[in-house]
Amino acid sequence: MFTGIITAVGRIAALQPLGSTPDHGKRLTIEVPPGYLDDVGLGDSIALNGACMTVTTLDLPSSRFTIDISAESLARTTGLAESGRRINLEKALRANDRLGGHIVSGHVDGIGYVTRFAQVGESWELCIQAPLSLGKYLAYKGSITVNGVSLTVNRVADSADGTDGTEFSINLIPHTVQNTALGDLVAGAAVNLEIDTVARYVERMLTAGQTPTKETA
């Protein structure tokens with residue numbers, strides 16, 4: 001489990017294919033700030049841009065670690081297959097840690113696209129188009145995880161015909177822009193989204209026993 005409070009910004013230093021076919025995943029080498037790995041062990045969980053991954057090797061002198069990511073995970077996330085890219089990092093939550101953001105599982109629910117990222121006063125407005133399947137989980141003042149960052153929704157607007165998904169708006173304070181990789185975003189950029197865990201259970205309680213409806217692509 002995680003909280004969506006980013007503890008460091010790393011960089012994908014290298015990508016290594018784990019096989020010769022598209023069914024194979026990749027091994028990522030992540031470069032981190034000095035000292036970040038001092039309390040990390042093999043098998044620990046670290047969220048990369050909101051996706052929970054397992055540490056497979058550690059290189060403390062070089063401040064690097066590796067993770068193996070499957071082809072399935074690569075297909076359902078964004079931002080984890082580009083060498084040199086900066087990424088948000090968060091170590092797994094400990095039982096005695098502060099819950100500064102909200103409960104985050106590290107499982108990406110869908111990919112959204114930035115429609116606007118611009119400075120407004122001292123802060124920044126980030127607008128994202130979410131997939132149709134996630135729109136029902138977004139609420140004014142509710143929580144959403146964007147590339148691993150716990151954020152508060154300030155505005156929600158469903159498309160007029162209900163087929164183009166939902167656009168939501170977030171206000172980013174300068175500290176968040178400066179201390180996460182969200183500051184690298186531009187209009188059109190893809191982002192990993194994870195909905196609020198509580199919203200999942202509410203939806204399940206309201207629809208239990210109903211015949212599921214098919215969603216169109």
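The values are calculated or read from the model by the stated rules, or taken from the named source; none is laboratory data. Predicted model only: the values in this text are computed from it and were never measured. Positions of Cβ are backbone-derived with ideal geometry, glycine not excepted, and every protein chain shown enters the neighbour counts. Keep in mind that these areas ignore ligands, DNA and RNA; they rest on the heavy atoms of the full protein, side chains included. Shrake-Rupley method; radii C 1.70, N 1.55, O 1.52, S 1.80 Å.
Here are the numbers for the structure shown:
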quantity: Residues (surrounded by 21 or more Cβ atoms within 10 Å (Cβ to Cβ) and either part of a strand (DSSP E or B) or not β-branched (Val, Ile, Thr) (or both)) located in the range 174-184; calculated: Ala181, Leu182
quantity: Test: residue in the range 55-72 that is under 17 Å from the mean Cα position of the chain (by Cα), open to solvent by less than 20 Å² (accessible area, probe 1.4 Å) and not hydrophobic (A, V, I, L, M, F, W, C); calculated: no
quantity: Number of the exception - Val108 against (1) open to solvent by less than 40 Å² (accessible area, probe 1.4 Å); (2) in a loop (DSSP other than H, G, I, E, B); (3) more than 19 Å from Leu151 (Cα to Cα); calculated: (3)
quantity: Answer from Leu89, Leu37 - the residue that is assigned to a loop (DSSP other than H, G, I, E, B), in contact with a strand residue (DSSP E or B) (Cβ under 8 Å, 6 or more places away or on another chain) and of a type outside the set (Phe, Trp, Tyr); calculated: Leu37
quantity: Subset of the range 44-79 (residues that are touching a strand residue (DSSP E or B) at 6+ places or on another chain (Cβ under 6 Å) and either in a loop (DSSP other than H, G, I, E, B) or modelled with pLDDT under 95 (or both)); calculated: Asp44, Asn49, Gly50, Thr77, Thr78
quantity: Filtered residue count, the range 73-85, keeping only those that are open to solvent by less than 60 Å² (accessible area, probe 1.4 Å) and over 17 Å from Ala181 (Cβ atoms); calculated: 2
quantity: Lone unmet requirement of (1) in contact with a Cys (Cβ under 8 Å, 6 or more places away or on another chain); (2) surrounded by 16 or more Cβ atoms within 10 Å (Cβ to Cβ) for Asn147; calculated: (1)
quantity: Failed item, numbered, when Asn171 is tested on (1) open to solvent by 10 Å² or more (accessible area, probe 1.4 Å); (2) in a helix (DSSP H, G or I); (3) at pLDDT 95 or above; calculated: (2)
